[in-house]
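The next block holds one structure in the form of structure tokens; read it before the comments.
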Amino acid sequence: MSNLTDLTTPYTHFVVQPYTPTIGGIIRGLNLSQPLNEVTQEELRQALARFEMIFFRDQTLTPEQHIAFTRIFGGVAEVKAFFPRLQAHPEIEVIESTPEKPYAANNWHADITWREQPPLGTSLYAHVIPHLGGDTIWSSQTRAYDRLSRELQVYLETLTAVHTWEISGWTEYLLARDHSGEELRAARTKYPPVEHPVVRVHPITGKKIIYVNPTFTSHIKGLPRPQSDALLGQLFDLTKVPELQVRFQWQEGSLAVWDNRSTQHYAVGDYFPQHRKLHRITITAEKTF
Ligand code: AKG
């Protein structure tokens, strides 16, 4: 397993300090409120692909600056209808947990894999962070692939999985919001289940990735359910292996960007009733892989 501390690609405009040997890098030396030149932008894209999640500390960003920075990595279209949005900046969703309305995405997932072209990544900027708790964990799906036996790797490469938002609790959420079922029917028509290969290749690094997650992957096509459940269970368990993970402690002004192709993430829900608030931008691509 190659190690992130072997820095064979030095960056000329910033320093990346690996946060663990396997995933995550802290980038120092950049003020993200200022425009960044082309070389720096390209180096940031390379660093994201290599470290799979990168983060910055002590940034002071307006919504416009957050959007401008995030555009370095891809599009910033509105793609998710779940979180509330900033009225003046609909590209930005607000993830907020309050004593009255506690919330955490404390389930392992990659974002929106139920779309034909899932997002390339996400950019998350911290506004209010609890005194204690409220970390986010990412798990590397390239490292997960590397841990498998050659026989299993070869077998997985022949398989296709079905992804749907309907196993994530959104069916119940939509029904509770609109008892007539109209919204649910519209969502089903607009976003039917999609299929993705179980193993995908990262377009920048060329590395292979296990591309299934427990929140949106319902089954493997063509396998009997018990066999599909057992195989998916084995792959989902790999995500929980600590050696594949980075656990990030937020501070106000921290900004994290993750590669949604090669990672899954989990927001630790251990801080209620403290307040937590982040601004989130989904990074889109015309072609994710
Ligand atoms: C997401 O933005 O997809 C999340 O899961 C939220 C992560 C967090 O709140 O730390």
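The values are calculated or read from the model by the stated rules, or taken from the named source; none is laboratory data. Just so it is clear, the structure is predicted and the values come from calculations on it, not from any experiment. Because the Cβ atoms are built from the backbone with ideal geometry, glycine has one as well, and the counts that use them run over all protein chains shown. Quick note on the areas: whole protein, heavy atoms, side chains included, nothing else; ligands and nucleic acids left out. Shrake-Rupley method; radii C 1.70, N 1.55, O 1.52, S 1.80 Å.
So the values come out like this:
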item: Inter-probe distance in nm under a simple model that places probes 7 Å from Cα toward Cβ, at Gln17 and Gln46; result: 2.2 nm
item: Relative intensity, log₁₀ I(q)/I(0), of the chain from a Debye sum that treats every alpha carbon as a point, q = 0.11 Å⁻¹; result: -0.65
item: Using a Förster distance of 25 Å, the FRET efficiency for Arg28-Leu132 (Cβ separation, nearest 0.05); result: 0.50
item: Under 5 Å, built H, 5+ apart or other chain: amide partners of Asn107; result: Ala267
item: Where a label projected 7 Å from the Cα of Glu252 along Cα→Cβ would reach, residues of region 126-143 with amide N under 15 Å; result: 126-132
item: Estimated [θ] at 222 nm from DSSP helical runs (n ≥ 4, -39500 (n - 2.57)) normalised by residues in the chain, nearest 500; result: -7000 deg cm²/dmol
item: Protection proxy ranking of 40-46, 152-158 - average other beta-carbon atoms within 10 Å, highest first; result: 40-46, 152-158
item: Accessible-area composition of region 120-187, carbon plus sulfur, in percent [1.4 Å probe]; result: 58 percent
item: Nitroxide proxy distance, nm - points 7 Å out along Cα→Cβ at Lys240 and Arg225; result: 2.3 nm
